[in-house]
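Every number in this text was worked out from the coordinates using simple rules, so none of it is lab data. What you see is a predicted model; the values in this text were computed from it and never measured. So basically every Cβ, Gly included, is an ideal-geometry build from the backbone, and we count neighbours across all protein chains shown.
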Amino acid sequence: MTKRIALISEHASPLAILGGVDGGGQNVYVGEIAKNLANLGYKVDVFTRRDSKLLPEVAEWMNGVRIVHVSAGSPEYVRKEDLLPLMPEFTSYIQQFCEAKNQTYDLIHANFWMSGLVAANLKLTLGIPFVITFHALGRVRRFHQGEADQFPEQRFAIEERIVA
C-alpha cells in the first residue's frame, strides 16, 4: 500500500517564481523534498496558501505530487508576517479537504512555524503524526533582526508549544 505524506508550507509554494517575493529557499526545499519522496514511491500533497484566484484548487505537479492551493483569506498576496490570523482557516480547509476527498495521510511534514501550528492542530483532530522543519527560529531571528523582525510575539509561544 502506498504511503501518503502531506507537506504543509503555508507561504512558500514550490510553484512560485524564484527570486520573487517569498520565492526562495523554502520553496525550493519543499519542492525537492516532494520530488524525492515521490521518487521513493510516496504520494505527496503539498498544501500551500492560494495567493491568486487564477490558481486551481489542486494542481498535478508531477507523477506522485499534487499542489493543493488552500483557500485561507482572499486569494491574493499576503506578507508572511501577516498570515497568522489565517491559520485557523488554513487548518479547517485541510480538515475539510481530507473529509471531502476521503483522504488520509501517514505523516505530515510542516515547514515553518505557522505550518507547524496547523500540523499540531491536525494531529489533535485527525490523529496524523507530524514532523517539522522550522527554517528559522523566532528567538534567533529576533535576536539578530531586532525591530526589523515583524512577526507577531505569539510566534515564541507557538514554537515552544509545537516542540513540547
>> Explain nothing, just the number: relative contact order of the stretch 37-107, from Cα pairs under 8 Å at least 6 residues apart, as a whole percent.
In response: 26
> Taking 0.36 nm per residue of separation and subtracting the Cα-Cα distance, what length does fully extending residue 60 through residue 89 add?
Replying inline: 8.1 nm
> Once the Cα atoms of helix 113-126 and of the chain are each reduced to a long axis, what angle between those two axes, in degrees from 0 to 90 to the nearest 10, is obtained?
Replying inline: 50
> How high is the relative contact order of the stretch 4-163, given as a whole-number percent (alpha carbon pairs under 8 Å, six or more residues apart)?
Replying inline: 22
> So how many Lys-Lys pairs in the chain land under 24 Å Cα to Cα, not counting same-chain pairs under 8 apart?
Replying inline: 12
>> Classify the stretch 29-164 from the C-alpha gyration tensor, please: rounded if a/c falls under 1.5, else prolate or oblate depending on whether a/b exceeds b/c.
In response: prolate
> Tell me, in nm to one decimal, what length is gained between residue 96 and residue 161 on full extension, where the rule is 0.36 nm per residue of separation less the Cα-Cα distance?
Replying inline: 21.0 nm
> What is the fewest-to-most order of 48, 2, 125, 133 by other Cβ atoms lying within 10 Å of their Cβ?
Replying inline: 2, 125, 133, 48
> Any idea what angle helix 154-163 forms with the longest principal axis of the chain, computed on alpha-carbon atoms, 0 to 90 degrees, nearest 10?
Replying inline: 50
> For the chain, what is the mean residue ellipticity at 222 nm derived from helices alone (per DSSP H run of n ≥ 4: -39500 (n - 2.57); sum divided by total residues; nearest 500 deg cm²/dmol)?
Replying inline: -11500 deg cm²/dmol
